[in-house]
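Just so it is clear, none of the values below were taken in a lab; they were calculated from the coordinates. This one's a predicted model, so the numbers in the text were calculated from it and none came from an experiment. Reconstructed Cβ throughout: ideal geometry from the backbone, glycine too, with neighbour counts over all protein chains shown.
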Amino acid sequence: MNNALLEVHNVTKRFGGLTANKDISFNISKGQITGLIGPNGAGKTTLFNLITGTAIEGYSRLPDEGHVIFKGNNITGLKPNSICKQGMVRTFQNSRCLDSMTALGNVMIGALVRTSLINDAKKKAVKYLETVGLKDKRNIISSNFTVADKKKLEIARALATEPELLLLDEPMSGLTPLELKEEVNLIKDINQKGITIFIIEHVMEALMPIADYIIVLDSGEKIASGTPKEVVKNPKVIKAYMGVDYAIIS
Amino acid sequence: MFFLQTLLNGFVMGLIYALVAMGVALVWGVMGIINFAHGEFLMYGMYISFWFYALCNFDPLLSVPLGIIGICLLSIVSYKIAIKRILGSSLLTTLLATFALSLILKHTAQYLWGPDYRIIFSTIVQGSIGIGNIYLSLNKLIAAAISSAAIFLLYIFLKKTEWGMAIQAVSLNKEASLLVGIKVEQVYMLTFGIAGATAGLAGVLFSSFYPVSPQGGSFLVIIAFTCVALGGFGSITGAMLGGIIIGISESLAGFYIGPAFQYAVVFLIYLLVILFRPRGLLGW
Amino acid sequence: MVMVTKNNQKNKIYQVLIVILVFLIPLFIRNIFFHHVLIMVVLYATLGLAWNLMGGYLGYVSFGHATFFGIGAYTSAILFRNFGVNPWLGIIIGAAIAVTVASLISFPVFGFTLRGHYFAIGTLALGEISRILAENFNYIGGARGILIPLKASSFSIIQFESKLPFFYIFFTFLLLTLLIMNAIVNSKMGYYLQAIREDENVAEALGVNTTKYKHFAFYISAFIVAIVGSFYAQYQLYIDPNMVFGMMISVQMALIAILGGCNTLIGPIIGAMIFIPLSEYIRSFIGGEGRGINLIVLGIVVLIIILFQPQGVAQLIKSFINKEGRNNE
């Protein structure tokens, strides 16, 4: 397991009486696509927040117990910007664009982590916009984008930070079948370029075919992990989802 | 003994501040607007009381209903002319628009009645009442009592009546309220009118022991904002709490540190509280 | 590409022409009151630019910037009056003190954990605290204020018989501030500030050290505002706590920025060009009776502008220029 890019050790987080994450441990292997699934309220986004040090409204960013190691360094409790500089970046569930800025501006913010020169950042931004297919729309104010384009913009922006580990929070939600296909191909492309990917997702038919490894959360606990085929047959997982038809998976 | 005296004085003033603060909090909570002109509404309430006193020999207590109705009307007119248009605008826009409104109201008062201070000298209720070693100004006590009654009525209105619950609904979720058929536009107007009414009432109450002048509202509104921010924007109860705390702080600071720095201390206390509870004591 | 370059060159020529024009205007219109208005426009334009770095670009609306204005004014005034310190030096010292105070406020004491309305009211409280402290600080004259003695008409002590030299010094500083702001806005910091304004959490997730940049913006704006305060003191030769620490100064900075358009670089300048002459001329024509009609009129005008063009006048001009540009193509 020396290939572990990210190690999560016994992470626990309580919000008052609710234990959102309980003693969760797993590793993310370098170069893989790992999926994080579980019913709503299982604590997936909380886990993402804890790993990336994202501020949680009204509560501390730190896990109550446990620690997170990235590339061999303990990053528990570090602020998101430090973690980003070390090579881990996340997207947000509801596609938070920097509304009044153009697509180019949005992606430049990402690029500016790695360079201080505006022209440099601009060139890089255009390149990443091209990767997601938004190059032609780069001068449009991002608040005008469709949901699908906003998701692409989020990814371009995250890519511009030149991450080794990319955390995607429900990138497939709200997409039409055609958009889904595009999104899945994009993710595969990114992975093939060497970026490790960790995805929270509900759209199983999109996630299962591309994931190398799956972690399942339910009510704050990790109940299963393994390859998609293993996880799908796991009785605990089936019980948690209560009747979701996994026969779709080939 | 002095401590208790000062404390109680502060508490009494605090109840009146609470009324003012709740008007501000109501508008903020329901409409998302910080109304800089609220102080001027209050000031006009003071003038209503003064002029009825000077011209018709009304005791301020008699002017209570006049102040309530008068400023309620004033605020509804302001709503129709100006406030309606800035709903949903950025923080900066609403602050500056209401600031411009306050400027207009303040200087209109100054133009009409001059900048001098007017004082209501003889009221039906006078002097102080003594309980043991403690003396409380009767005027202020009655004002606090009326204020408390108004606060109580406001609570009942918000919690128990249909319109009151509509107001609560809009403050929690405007879109959802629209969806269930609440006439949001009317709720806004009602809210602003109620806020005006509370300001008018507070103004009349203040006039019995506070000098009346066009500048009277400006400082009080900053105190009101501080009360609301202390209690937490969005919480009416918080505003009330904030009012009482500020009233007590002002009184204690005034006694132990001196009237000069009284308000500096009040603001300092506000900043300290807000440091540890960035959303105010009860806000969200 | 050729079209763009031509436009850029044209723009630069226009800009230089305007600057030259402004330099020449006071030489041709020799009305003293007009010169006074020009000076106030320039001072407030500078204040607006500095305020807008925080208010417009960073998105943190401050109603307490008068604190730094007053610190600048009183520092240079006291140093000159009581200790004979050269005002140019006094200006730098005043600005340094202002930044120190800003750092005390922002680091972790104020914490910048305040946002939006809480920040606005908090800075308002701070401004009022400064004013009250100044009113009760007898060494600096308390509520009575202080007079700056007129020693000689000389550049080295920033005192002049005519108003013109004041105007040129202040205008030069305005240009300097404009250049600084332009540099910032088109730099990494500029982009980062806007990102923070749009969504602080997203900005942080993308590697922006939000704390650092918030503090920077705060210090820079405090620094410039303090310098303008010192200039103001040297020009007026009399200051009191209400004049330099009062809420009106803080609010006017914001007003000017929004009137002109707080999302553009020159917005505050345009705002000052509209608001200050309006304020000064209304006051001189109507205000004489002391009844404050001028402020009623001013309030109405401001209200109308804010209600009907909340994006500011600069936006109007921009759209107008854009339309013209398209017509010419």
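Points to keep in mind about this one:
- Semi-axis lengths (Å, descending) of the ellipsoid that matches the C-alpha gyration tensor of region C:31-247: 31, 20, 14
- Of all aspartates and glutamates in the structure, those lying under 15 Å Cα to Cα from A:Lys22, and not within fewer than 8 positions of it along the same chain, are A:Asp64, A:Glu65, A:Asp218, A:Glu221.
- Sorted by Cβ neighbour density within 10 Å, fewest at the top, the residues A:Arg14, C:Arg197: A:Arg14, C:Arg197
- Counting lysine pairs in chain B whose alpha carbons fall under 24 angstrom apart, excluding pairs fewer than 8 residues apart on the same chain, gives 11.
- Distribution of pairwise C-alpha distances over chain A, 10 Å bins, in %: 7, 31, 36, 21, 4, 0
- All C-alpha pair distances within region B:2-276, sorted into 5 Å bins from zero, spread as 1, 6, 12, 17, 19, 17, 13, 8, 4, 2, 0, 0 percent across the bins.
- √(5λ) per eigenvalue of the Cα gyration tensor, region A:112-250, largest first, Å: 33, 16, 12
- Among the listed pairs A:Lys150/C:Lys214; A:Lys44/A:Lys79; A:Lys135/C:Lys12, those beyond 24 Å (Cα-Cα): A:Lys150/C:Lys214; A:Lys135/C:Lys12
- Computed from point charges on the beta carbon alone (+1 for Lys and Arg, -1 for Asp and Glu), the dipole magnitude for chain B about its Cα centre is near 400 Debye.
- Overall form of the protein assembly as shown per C-alpha gyration tensor (a/c, 1.5; a/b vs b/c): oblate
- A cut-off under 12 angstrom between Cβ atoms defines the neighbours of A:Glu170, and their net charge, with Lys, Arg +1 and Asp, Glu -1, is -1.
- Taking other residues whose beta carbon is less than 14 angstrom from the beta carbon of A:Ser60, and scoring Lys, Arg as +1 and Asp, Glu as -1, yields +1.
- Inter-chain Cβ neighbour average for residues B:87-99, partner chain, 10 Å: 6
- Whole-number D in µm² s⁻¹ for region A:96-162, Kirkwood Cα-pair radius fed into Stokes-Einstein, 4 °C, 1.567 mPa s: 117
- The dipole here belongs to the protein assembly as shown: it is taken about the Cα centre, uses +1 on the Cβ of Lys and Arg and -1 on the Cβ of Asp and Glu, and is about 1160 debye.
- The fraction of Cα-Cα pairs per 5 angstrom bin, counted from 0 for region C:195-264, comes to 3, 13, 15, 19, 18, 13, 9, 5, 3, 1 percent, rounded to whole percents.
- Ranking of A:Lys30, A:Lys181 by count of other Cβ atoms within 10 Å, fewest first: A:Lys181, A:Lys30
- Per-residue Cβ neighbour counts within 10 Å put C:Phe137, C:Phe173 in the sequence C:Phe137, C:Phe173, beginning with the fewest.
- Our summary gives region B:2-276 a relative contact order of 40 percent, counting only alpha carbon pairs under 8 angstrom and 6 or more residues apart.
- Check: chain A dipole with +1 on Lys, Arg Cβ and -1 on Asp, Glu Cβ, in debye: 580
- Qualifying aspartates and glutamates (Cα of each under 14 Å from Cα of A:Lys229; at least 8 residues distant if same chain): A:Glu205, A:Asp212, A:Asp245
- Taking every residue in A:98-105 and counting other chain Cβ atoms within 10 Å of its Cβ, the average works out to 3.
- Computed over chain A, relative contact order equals 25 percent, with contacts defined as Cα pairs under 8 Å that lie 6+ residues apart.
- Surrounding net charge for C:Ile146, when Lys and Arg each add one and Asp and Glu each subtract one, Cβ distance under 13 Å: 0
- Relative contact order [Cα under 8 Å, 6+ residues apart], region C:31-247, whole percent: 44
- For the pair region C:201-220 and region A:76-99, the centres of their Cα atoms are 14 angstrom apart.
- Cα lying deepest toward the dipole's positive end in the protein assembly as shown, options C:Met273, A:Ala224, B:Ile134, charges on Cβ: C:Met273
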